[in-house]
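The values are calculated or read from the model by the stated rules, or taken from the named source; none is laboratory data. The structure displayed is predicted, hence computed values, not measured ones. Neighbour counts run over all protein chains shown; Cβ positions are idealised from the backbone, glycine included. Ligands, DNA and RNA are excluded from the accessible area calculation, which covers all protein heavy atoms including side chains. Shrake-Rupley method; radii C 1.70, N 1.55, O 1.52, S 1.80 Å.
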Amino acid sequence: MSDPQGARTPNASHEFEAHRAYLTRLAYRMLGSIAEAEDAVQDGYLRWHRQDTARVDNPRAFLNQVVTRLCLDRIKQTRNQREHYVGVWLPEPLVEDWSAAEHAASPVDQDVTVALMLALERLSPLERAAFILHDIFDMAFDDVATALGRTEAACRQLASRARRRVISAKPRFKIDPNEGRVLPTPSSLPPAAATPQACNNC
């Protein structure tokens, strides 16, 4: 008897788990929320098991397309909520090391800064997806086109516009992350700043 749930086999589950870390990093950059990223990946997991996975030639490409489109749907759903959010919306900080499941110290894992995530928020959903897939995950434009359901030329334009907007949003000065975490103390300040001086003209 055939499995009514599709090809839900141990091998299919193992295949998905081999790509979970990659998909979660992708979804986080798309959504700016760890919880939403994990939900999107889990939705991708369910869709993967509804497929005849034996006929999928390239599982990573297939899952990349599924999760990217799930993220685009979520962005469209949540954008209206964020537009009516009182105050400045900030992305959740990345606190989990998903790279450990694949390879340590990946350049892709070193790009997650609040400044970048805020810059990505200024992009349209398709611009954001094209930029992340090509510029951050180094995906060829023909694969980006497949993932987004657009032409290769359109994806090049999307990524180009996104790149210009991200570059224009970069801070003028680079701050050492270690320095940014340290608050000044009286002992670390210059004498004039550490000790109040008497005002001769007061």
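Here the Karplus relation 6.51 cos²θ - 1.76 cosθ + 1.60, evaluated at θ = phi - 60°, turns the backbone of segment 68-75 into coupling constants of 4, 6, 5, 5, 4, 5, 5, 4 Hz, with x for every Gly and Pro. Computed with every protein chain present, the accessible area of L23 is close to 0 Å² [probe 1.4 Å]. Accessible area per residue was computed with a 1.4 Å probe on protein heavy atoms; D143 scores about 80 Å². Residues in segment 117-127 carry Karplus couplings, in order, of 5, 5, 5, 5, 5, 7, 8, 5, x, 6, 4 Hz; the curve used is 6.51 cos²θ - 1.76 cosθ + 1.60 with θ = phi - 60°, and Gly or Pro positions show x. The accessible-area ordering, largest first, of the residues R50, R69 stands as R50, R69, per a 1.4 angstrom probe.
Distance between the modelled labels on A153 and E15, one decimal in nanometres: 3.5 nm (7 Å Cα→Cβ projection).
Here D73 sits with roughly 70 square angstrom of accessible surface, probe radius 1.4 Å. For the set H14, H19, solvent exposure ranked by accessible area (probe 1.4 Å, protein chains only) runs largest to smallest as H14, H19. The candidates T53, T68, T146, arranged from most to least accessible area with a 1.4 Å probe in the full protein assembly, appear as T146, T53, T68.
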